[in-house]
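Following: one structure in structure tokens, then a few remarks.
The values are calculated or read from the model by the stated rules, or taken from the named source; none is laboratory data. Treat the numbers as computed from the prediction; the structure is a model and nothing was measured. Neighbour counts are summed over all protein chains in view; Cβ atoms, including those assigned to glycine, are modelled from backbone coordinates with ideal geometry. Ligands, DNA and RNA are stripped out before the accessible areas are found, and what is left, the full protein with its side chains, is counted by its heavy atoms. Shrake-Rupley method; radii C 1.70, N 1.55, O 1.52, S 1.80 Å.
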Amino acid sequence: MDRKKTILQNGLAGLLSQGITILFTFVTRSLFIKYIGVELLGINSTFASLVSTLSLAELGFQSAITFSLYKPLYDENRSEINDIMNIFKLVYRCIGILFIAAAFLILPFLKYIITDVEVDLDIYIYFLLQAAASTCTYFLAYKRALLYADQKEYISKIIDLSISVIFNILQCITLILKQNYSIYLILKILQVYMSNLIVYLYCTNTYHFLRKTKINRTKLSEIWKNTKNIFAGKFSGYIYSSTDNIIISAFISTVSVGYLTNYTTITKSLKSLIYNTLNPIIPSIGNYLIAEKEGKGREKAFLLYTHIRYLVAVFIVIPVIVLSDCFISIWVGEDMILSHILTILLAIDFYIDLVQSATIDFINGSGLFRVDKYIEILGAVSNIVLSFILVHYYGIVGVLAGTVISQIVFWFGRSYIVYFQCLKQSKQQYMKYWMKHIFYIVHFIIAYQLCNKLFKIIPLDTREIQFIIGGIFCEIVLFIYVSIMFRKLKEQKKLLKIIREIIFQE
């Protein structure tokens, strides 16, 4: 029950924090388009992808550190926790310095990446300012990993939320009154710095036993082994999330990135909302796998967690497919609506990402970084190769299709690792896992068709009314459908039991 309360507490903090962040994202984006223009919006999105490229310097140390903290936190071994955090501090400071150098080294190549826009001194300054916001993280944010692994992430979320509200209001005022992109970026730097500084000071005050000591070389070697394996995952994650914008910018146009990011802002914002709500479960998975040795118990936990993620996908992804064009027309105008096939491809990617992330969390919780890296490399290579090929024939559709195919590769490979390395199950159980997902996908398609047909018969008095009524009816239809069709499913019964226990304190 204590674990359930901790997960719920962290999840609600993440939901509230990300929900408000998403609200400000759409408000500032609307003001950005109105007062600064879609051209700079495309540049902003492309630079964000380039900064993600530089972030590969992190090499996966944070994931390795988080995994390394699970056992000493479980055992309350303060000496080992202190050794790990000293290693993290040293590594992140070195990475921060490398990040700054890399940002300057990439400047001469901007003219080859930014197309349809003149690359002048202002463009270089914009890029360096955007990179500076990420640089702050490497010098102050390393203690966040301790809060996360210790299942106290809600504290950093509350701090982030408070700072975010203040600075987002300032950004909105700046966009309206000054219409100055440089000031907008400077405020972003200050927001990141202040948020990380307050979290740093809180952790310093809370974890009194943390002190500067000599680097434990044995522990560093152990963490480095995991980091080398995690790097493949970091690289493939970058390929999946960041290269699409760069390829579209280089082979089609930078302005096209601005149009597409109106849609990807929807999916990325919802992903962030979901991940910030579900992320508190991951440290609990790590602690659970340390305590639970029996394979059947692990498989039941994995299937329950997968079912939760599937339900989230049903209630989020289906409305995205049905309502996205309507939302875009209300938000930024009819002329910003793109082909519906792009919405479908983004939704497929969104669905797979949500459901298969259960495998990622169990792999990370088990520390199976070495075996996972081969799947990561295969998925990353397939994504970038297919995107490069298909962009010449199908444009943006080809780039997104390459991303979807790579997601399928990730899913098959990671599910194999989970069943045979983490859960130690038979081929028969693995086949049952995929039969269940076929069952899930069939019901997902049926539920989508019901919602889509209902949406089309809603009166078209105004787009706003259609969007609100359509969204409400979608969720009602999905709730009724799930309640009826999944009522006999073991995972559904278990989930309802857990919800009753939390609500009624059973």
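Can you report the number of residues in the stretch 246-265 which are aromatic (Phe, Trp, Tyr) and over 20 Å from Asp349 (Cα atoms)? Let's see the steps before the verdict.
So in the stretch 246-265, the residues aromatic (Phe, Trp, Tyr) come out as 251, 259, 263.
When the remaining residues are screened for being over 20 Å from Asp349 (Cα atoms), the result is 251.
Going through the stretch 246-265 one residue at a time, the tally reaches 1.
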Pairing a residue in the stretch 450-467 that is surrounded by fewer than 12 Cβ atoms within 10 Å (Cβ to Cβ) and modelled with pLDDT of 85 or more with any residue that is β-branched (Val, Ile, Thr) and in a helix (DSSP H, G or I), where Cβ atoms lie under 8 Å and the two sit 6 or more apart in sequence or on different chains, gives none
Reported set for the stretch 369-398 where residues are among the hydrophobic types (A, V, I, L, M, F, W, C) and open to solvent by 80 Å² or more (accessible area, probe 1.4 Å) is Ile377, Leu378, Phe388, Ile389
*Taking the stated definitions as given, is Ile405 of a type in the set (A, V, I, L, M), free of Cβ contacts under 8 Å to residues at least 40 places away in the same chain and under 17 Å from Asp349 (Cα atoms)?*
yes
Taking the stretch 399-426 and keeping residues open to solvent by less than 30 Å² (accessible area, probe 1.4 Å) and among the hydrophobic types (A, V, I, L, M, F, W, C) leaves Val399, Leu400, Ala401, Val404, Phe410, Trp411, Ile417, Val418, Cys422, Leu423
Of Leu147, Leu105, Leu110, the only residue that is open to solvent by less than 30 Å² (accessible area, probe 1.4 Å) and over 22 Å from the mean Cα position of the chain (by Cα) is Leu110
In the set Thr265, Thr306, the lone residue that is modelled with pLDDT of 70 or more, surrounded by 20 or more Cβ atoms within 10 Å (Cβ to Cβ) and either touching a His at 6+ places or on another chain (Cβ under 6 Å) or of a type in the set (Ser, Thr, Tyr) (or both) is Thr306
Here the residues within the stretch 312-342 that are of a type in the set (Val, Ile, Thr), under 20 Å from Ile33 (Cβ atoms) and not in a loop (DSSP other than H, G, I, E, B) are Ile328, Ile330
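Taking the stated definitions as given, is Leu197 in a helix (DSSP H, G or I), without any contact (Cβ under 8 Å) to a residue 60 or more places away in the chain and not hydroxyl-bearing (Ser, Thr, Tyr)? So that I can check it myself, show each step before the final result.
Working: in a helix (DSSP H, G or I): yes; without any contact (Cβ under 8 Å) to a residue 60 or more places away in the chain: yes; not hydroxyl-bearing (Ser, Thr, Tyr): yes.
So Leu197 passes the test.
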Residue check: is Leu478 in contact (Cβ under 8 Å) with a residue 24 or more places away in the chain and farther than 27 Å from Asn364 by Cα? yes
The correct count of residues that are of a type in the set (Asp, Glu) and either surrounded by fewer than 20 Cβ atoms within 10 Å (Cβ to Cβ) or at positive phi (or both) in the stretch 150-175 is 1
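Restricting to the stretch 477-506, give me the number of residues that are assigned to a loop (DSSP other than H, G, I, E, B) and at pLDDT 85 or above.
Residues that pass the stated criteria total 4.
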Note: among Ile158, Ile125, Ile84, just one is under 24 Å from the mean Cα position of the chain (by Cα) and of a type in the set (Val, Ile, Thr), namely Ile158
